[in-house]
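Have a look at the structure below before the remarks.
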Amino acid sequence: RGLRKDAAHLDDWAKDVAPSTELRTWYAHDPAKFAEFCRRYTAELATGAPRAALDQLAARAAAGPVTLLTATRDAAHSEAAVLAGLLRRGGSAPAGEAGEPACYAHLVCPECGAVTSEGHRDGCGSA
């Protein structure tokens with residue numbers, strides 16, 4: 001939270017793996033609805049452009065670390081948790097299962113987008 005997209009220096013912004021607006025609106029980050037959210041979201045990711053984007057993300061994850069970012073305060077009940085679980089299983093998982101959330105946002109410089117433990121980018125005023 002609090003990191004601008006343009007400051008994050010992302011390799012990819014996989015919009016097609018995001019839950020639909022309808023699903024996000026229905027869910028409203030209500031933890032009581034999370035199991036059903038997982039089921040519906042996994043179903044959305046099963047076909048079409050979302051499936052292709054998930055397959056591409058799974059291929060990246062198979063080749064090395066992938067960091068999933070989310071703006072929600074409750075990462076354990078987010079689409080990132082669902083995606084993490086799917087990626088751990090090669091892109092498919094039983095409905096209702098999610099991965100363990102991790103938050104590394106505090107390690108990212110909001111100005112230059114670098115992981116602070118690895119040093120700031122040239123010209124960063126926070127260095």
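The values are calculated or read from the model by the stated rules, or taken from the named source; none is laboratory data. In this text the structure is predicted, and so the values were computed from the model without any measurement. So basically every Cβ, Gly included, is an ideal-geometry build from the backbone, and we count neighbours across all protein chains shown. For accessibility, only protein heavy atoms count, side chains too; no ligands or nucleic acids. Shrake-Rupley method; radii C 1.70, N 1.55, O 1.52, S 1.80 Å.
Side notes on the structure shown:
- Meets criteria (assigned to a helix (DSSP H, G or I), at pLDDT 75 or above and out of contact with any helix residue (DSSP H, G or I) (no Cβ under 7 Å at 6 or more places or on another chain)) for residue 71: no
- Residue in the range 79-87 that is acidic (Asp, Glu), free of Cβ contacts under 8 Å to residues at least 60 places away in the same chain and open to solvent by 30 Å² or more (accessible area, probe 1.4 Å) present: no
- Of the criteria (1) in contact (Cβ under 8 Å) with a residue 40 or more places away in the chain; (2) open to solvent by 80 Å² or more (accessible area, probe 1.4 Å); (3) assigned to a helix (DSSP H, G or I), which one residue 16 fails: (1)
- Complete set of residues in the range 19-31 that are in a loop (DSSP other than H, G, I, E, B) and surrounded by 10 or more Cβ atoms within 10 Å (Cβ to Cβ): 19, 20, 29, 30
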